[in-house]
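I have placed the structure first, in the form of structure tokens, so that the comments after it can refer back to it.
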Amino acid sequence: MISWELILALAVYNFIMYATPGPNNSILTASGIKFGFIRSIPNVLGIPTGHGLQLALVCLGLGSLFIKYPILFDVLRYVGSAYILYLAYKMFGSLNISKSEDRSRPLKYYEAILFQFVNPKAWVICSTAVTLYYPKNENILVGTLFMVIMSTIVNIPSISIWAYGGSIIRQYLGNEKLKKTIEILLAIMLIGTAVSVFFYNP
């Protein structure tokens, strides 16, 4: 049953999960720094779209597949953690605005969607949310729609903070020491996420 208590509890959980450091927020911060907030909007919108699809799949039975065949989740954790470590490595030297504007571009909408399916933190969020907050005794379609809508409503403003923050930092990247410090901090965020996901035990 969907109650106000459930709505509040799920909203708080979603905010904590989406607003805290992770691959999406590190990428959004870097995107905001390199390309500005406006050009990062397709990335901002693609993340909740992809995550909503993940969440729907888990609600509709994919979660039980992970339970029945836990090795699938282990493979996802290990591959995802390795990819996040690769992103951390690529973060160093990536905030050179002049080069990035000439040679690269922000993530497109569909690329941000696809990234969610190799993002192990996103799968952990989905699995935990459905386990703890899926409305019991509710029609499966209604329950799934509720979970996806709640996710999207909280996700967009939570992650937008990071892209907007990056666009503000962009103004100060003439300072080489500051640029290096930010690159290191973003890389550390990614490494921390990779480690936590690698050792995650559902």
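Derivation of every value follows stated rules applied to the coordinates shown; laboratory data play no part. Keep in mind that what you see is a predicted model, and the values were worked out from it rather than measured. Ideal geometry is used to build each Cβ from the backbone, glycine not excepted, and the neighbour counts take in all protein chains shown.
Rounded, prolate or oblate: which one fits region 126-202, using the alpha carbon gyration tensor with axes a ≥ b ≥ c (rounded when a/c is under 1.5, else prolate when a/b beats b/c, else oblate)? Note, shape of region 126-202 comes out oblate. In the chain, the calculated helix contribution to ellipticity at 222 nm averages -26000 deg cm²/dmol per residue, counting -39,500 (n - 2.57) for every DSSP H run with n ≥ 4.
Helix 4-19 and the long axis of the chain differ in direction by around 30°, with both axes built from C-alpha atoms. Applying 1/(1 + (r/R0)^6) with R0 = 30 Å to the Cβ-Cβ distance of T131 and I161 gives a FRET efficiency near 0.65.
Going through the cross-link list K121/K179; K90/K180; K34/K90, which pairs have a Cα-Cα distance over 18 Å in this structure? Cα-Cα > 18 Å for K121/K179; rest within. Principal-axis analysis of the Cα atoms of the chain puts helix 176-198 at an angle of about 20° to the longest axis.
Computed from the coordinates I sent, P(r) over Cα pairs in 10 Å bins from 0, in percent equals one of (i) 9, 29, 25, 17, 11, 5, 3, 1, 0; (ii) 9, 34, 34, 17, 5, 0; (iii) 9, 38, 36, 14, 3, 0. Tell me the label. The listed entry that was calculated here is (ii). Taking 25 Å as R0, compute the FRET efficiency from the Cβ-Cβ separation of Y109 and V142 and round it to 0.05. Calculated transfer efficiency: 0.35. Residue-wise HN-Hα couplings along region 47-59, as the Karplus relation 6.51 cos²θ - 1.76 cosθ + 1.60 with θ = phi - 60° gives them from phi, are 4, x, 5, x, 5, x, 5, 4, 4, 4, 4, 5, 4 Hz; Gly and Pro carry x.
Placing +1 on the Cβ of every Lys and Arg and -1 on the Cβ of every Asp and Glu, with nothing else charged, gives the chain a dipole about its Cα centre of roughly 520 debye.
Between L72 and I153, full extension at 0.36 nm per residue minus the direct alpha carbon distance yields a gain of 26.2 nm. For region 32-37, backbone phi angles converted through the Karplus equation (6.51, -1.76, 1.60; θ = phi - 60°) give residue-by-residue couplings of x, 5, 7, 10, x, 5 Hz, Gly and Pro being listed as x.
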